[in-house]
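The values are calculated or read from the model by the stated rules, or taken from the named source; none is laboratory data. Computed from a predicted model, the values in this text were never measured in an experiment. Every residue, glycine as well, gets a Cβ built from its backbone with ideal geometry; the counts of neighbours run over all protein chains shown.
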Amino acid sequence: MAVYKIAVIGGDGIGPEVIAQAVRVAEVAARQQDRAELQWTQLPWSTAYYKQHGRMLPADGWDQLRQFEAILFGAVGDPSVPDQITVHELLLPMRRKFDQYVNLRPAYLFAGVPCPLVGKKPGDIDMLVFRENTEGEYAPVGGHLYPGTENHIAVQTGVFTRRGCERILRAAFEAARLRPRKKLTSITKSNAQVYGMGLWDEVFHTIRREYPDVESHSLLVDAAAMDFVRKPESFDVVVASNLFGDILTDLSAAVTGSIGLASSANINPTKQFPSMFEPVHGSAPDIAGQGIANPLAAILSAALMLDHLGLKASAGVVRHAVSTVLAAGAVKTPDLGGQNTTAQMGDAVLAALG
């Protein structure tokens with residue numbers, strides 16, 4: 001039996017609640033479908049850990065994480081501590097230190113999930129968004145001059161490298177090549193951001209020539225935002241910079257019914273370092289501890305983890321089980337219009353594994 005070592009960081013807010021259900025489902029699926037054992041190591045790194053130790057993770061924390069094949073991550077962030085500490089000392093450094101340059105966020109309209117857009121049927125919305133995850137607008141480059149005075153200047157620098165643009169675009173083209181529609185949309189704003197996005201466009205037009213079998217075009221981000229609402233069914237694979245991808249995927253989660261269904265993967269394709277898998281929804285402190293958070297985003301993120309580990313059968317049955325539960329509509333958390341609990345939704349998915 002193959003054994004995979006997985007680090008589990010529940011983190012803050014609803015993170016531990018939803019990740020607990022994802023662990024249950026992934027463990028059963030891996031054992032049943034691929035005869036694989038997932039060995040879980042719980043790491044208590046969170047805002048509570050910070051308040052006790054003055055740091056988000058121990059001094060050897062990054063070395064500890066390097067020993068794992070993957071990381072299942074709940075959420076980080078708490079109103080009592082600034083995001084500059086919680087997010088910028090754990091989540092964002094993890095993406096850069098482990099070169100998790102592919103942020104993959106699927107958006108799919110499941111049967112049984114009401115769509116806020118008129119006339120959209122299950123499966124009409126089916127896109128994969130590839131977000132560059134290590135540079136771009138979220139690069140930690142900038143600073144302050146004359147703080148606290150009327151001359152206070154804040155500088156935030158977007159960083160675009162040819163290597164960074166090329167590898168995320170190539171990953172997106174490779175994914176598009178494997179999908180039935182073989183279609184890719186590159187998101188840009190080079191009419192205003194002539195340097196960074198200009199380089200992005202240049203690399204896009206170079207790489208697209210290597211994929212003549214993929215229908216590809218470029219779209220300005222403001223037009224993309226309109227079309228995510230106006231005609232989301234027109235998108236297949238989407239590739240975008242760090243900021244644009246972040247914003248558009250929150251929108252794609254909204255049009256597919258609930259951010260409680262939005263999964264994501266932070267992938268190092270070389271597997272030199274562990275990849276990390278997390279729901280998009282964040283820590284949601286307003287409902288933390290109530291046991292009503294939707295765990296399906298975390299469960300679908302675990303399915304992405306199983307895919308990455310090569311456990312394709314396991315990943316497939318998890319997605320099928322989620323789809324079955326949503327289509328049946330007997331179990332719904334409040335975000336889906338129901339009154340069921342986090343644990344009840346987890347139980348329903350486990351039962352649907354069959």
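Among the residues of the range 136-166, those that are of a type in the set (D, E, K, R) and either touching a Cys at 6+ places or on another chain (Cβ under 9 Å) or over 26 Å from SER234 (Cβ atoms) (or both) comprise GLU150, ARG162, ARG163. Of the helices (runs of 4 or more DSSP H) lying entirely inside the range 1-89, those carrying at least 2 residues that are touching a residue at least 12 places away in the same chain (Cβ under 8 Å) and within 30 Å of GLY316 (Cβ to Cβ) are 15-34. Each residue in the range 125-144 was checked for being closer than 30 Å to GLN84 by Cβ, surrounded by 16 or more Cβ atoms within 10 Å (Cβ to Cβ) and not aliphatic (A, V, I, L, M), and 9 pass. Taking the conditions (1) touching a helix residue (DSSP H, G or I) at 6+ places or on another chain (Cβ under 7 Å); (2) at pLDDT 95 or above; (3) closer than 27 Å to GLY289 by Cα; (4) surrounded by fewer than 18 Cβ atoms within 10 Å (Cβ to Cβ) in turn, ALA75 satisfies each one other than (4).
Return a yes/no flag: does the range 147-168 have any residue that is in a loop (DSSP other than H, G, I, E, B), farther than 18 Å from ASN242 by Cβ and touching an Asp or Glu at 6+ places or on another chain (Cβ under 8 Å). Scanning the range 147-168 turns up no residue that is in a loop (DSSP other than H, G, I, E, B), farther than 18 Å from ASN242 by Cβ and touching an Asp or Glu at 6+ places or on another chain (Cβ under 8 Å).
Only one of the listed residues (LEU304, LEU336) is assigned by TED's automatic domain parsing to the domain that holds THR270, in contact (Cβ under 8 Å) with a residue 12 or more places away in the chain, over 25 Å from ILE267 (Cα atoms) and in contact with a Ser or Thr (Cβ under 9 Å, 6 or more places away or on another chain). That residue is LEU336. Here's a check for you: in the range 333-354, which residue that is in a helix (DSSP H, G or I) and of a type in the set (Gly, Ala, Ser) is surrounded by the fewest Cβ atoms within 10 Å (Cβ to Cβ)? The residue in question is ALA351.
Do we find a residue being buried (at least 22 other Cβ atoms within 10 Å of the Cβ), in contact with an Asp or Glu (Cβ under 9 Å, 6 or more places away or on another chain) and outside the structural domain of HIS281 (by TED's automatic domain parsing) anywhere in the range 117-124? No - not one qualifying residue is present in the range 117-124.
Filtered by the rule that a residue be under 11 Å from the mean Cα position of the chain (by Cα) and of a type in the set (A, V, I, L, M, F, W, C), the range 94-134 gives VAL102, LEU104, ALA107, LEU128, VAL129, PHE130. If you go through the range 314-335 and keep only what is more than 29 Å from ALA2 (Cα to Cα) and within 20 Å of the chain's Cα centre (by Cα), you end up with just ASP335.
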